[in-house]
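Some notes on the structure that comes next.
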Amino acid sequence: MKPNTKNKIIIVDDHQLFSQSLELLINSFKDFEVTNHFANGKVFISYLQENTSAEIDLILLDVNMPVLDGVSTMKWIKENRPDLKVIALSVNDDEEIIIKMITNGAKGYLLKDTSPEIFKDAIISVIEKGFYFTELVSGMLVKKANDDSKKINLKEREITFIKHACSEKTYKEIASEMCLSPKTIDGYRECLFDKLEIKTRIGLVLYAVKNKIILV
């Protein structure tokens, strides 16, 4: 969490009542504030294009919206603003949509009836550690995994690092667990990103789930 400043959150959702209720909930949390909200992906993207230096710590993105939905918006973010952290919000647990959102860069996926406690844990986890997986999403990833996935020979140390990376530990904590320097851990990460042809920690988690390196 940022010291002495609140984490800035944007809501992109076409349901006004839900959006306003969510804003009240977030603003009740210490260290968080909603700075803006938009009714669809198109107006949100326009805002991003016009405000390239806007400070945004997290985006809560509705999957089902008119004009431009969450999946299309997520694809644009992946291609143009991959630095932004996004949690997808939905009323359903359609596995195809979950996979699309995550593979396009969403750091988490929550149902709209999620409890305030889990919701708070999720936004803290995504802001501080980069991702948040519920049991629902983890189960979908396992179910969707392909048996013919690409197999790559990994060293024992690399597998150990991947297992740690699939937890909520920071890279600094992983370095401590493996008795290595943070610089060495950075080397493991970059090497694996290159070897597995991925770009983010969430890609590492997806690879681990798909190839049964971790059980979820």
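The values are calculated or read from the model by the stated rules, or taken from the named source; none is laboratory data. Here the structure is a predicted model, which is why all the values come from computation and not from measurement. Virtual Cβ from ideal backbone geometry, glycine too; neighbours counted across all protein chains shown.
Among the candidates L154, L204, single out the residue that is within 19 Å of the chain's Cα centre (by Cα) and either at negative phi or of a type outside the set (K, R) (or both). If you could, list the steps in order and put the result at the bottom.
On the way: L154 fails: within 19 Å of the chain's Cα centre (by Cα).
Of the residues listed, the single one that is within 19 Å of the chain's Cα centre (by Cα) and either at negative phi or of a type outside the set (K, R) (or both) is L204.
Among the residues of the range 78-97, write down those that are surrounded by fewer than 23 Cβ atoms within 10 Å (Cβ to Cβ) and either outside the structural domain of E33 (by TED's automatic domain parsing) or among the hydrophobic types (A, V, I, L, M, F, W, C) (or both).
To start, the set of residues in the range 78-97 that are surrounded by fewer than 23 Cβ atoms within 10 Å (Cβ to Cβ) comprises 78-85, 90-97.
Correct list: L84, V91, I97.
Within the range 83-105, how many residues turn out to be in a loop (DSSP other than H, G, I, E, B) and at pLDDT 90 or above?
Step one: filter the range 83-105 for residues in a loop (DSSP other than H, G, I, E, B), giving 83-85, 91-94, 104-105.
Checking which are at pLDDT 90 or above leaves us with 83-85, 91.
So the count comes out to 4.
Each row is one residue, and each column tells you yes or no for (1) within 29 Å of Y207 (Cα to Cα); (2) among the charged types (D, E, K, R); (3) over 14 Å from the mean Cα position of the chain (by Cα).
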{"position": "F29", "(1), (2), (3)": "no, no, yes"}
{"position": "F38", "(1), (2), (3)": "no, no, yes"}
{"position": "K42", "(1), (2), (3)": "no, yes, yes"}
{"position": "M65", "(1), (2), (3)": "no, no, yes"}
{"position": "K75", "(1), (2), (3)": "yes, yes, no"}
{"position": "A106", "(1), (2), (3)": "yes, no, no"}
{"position": "D121", "(1), (2), (3)": "yes, yes, no"}
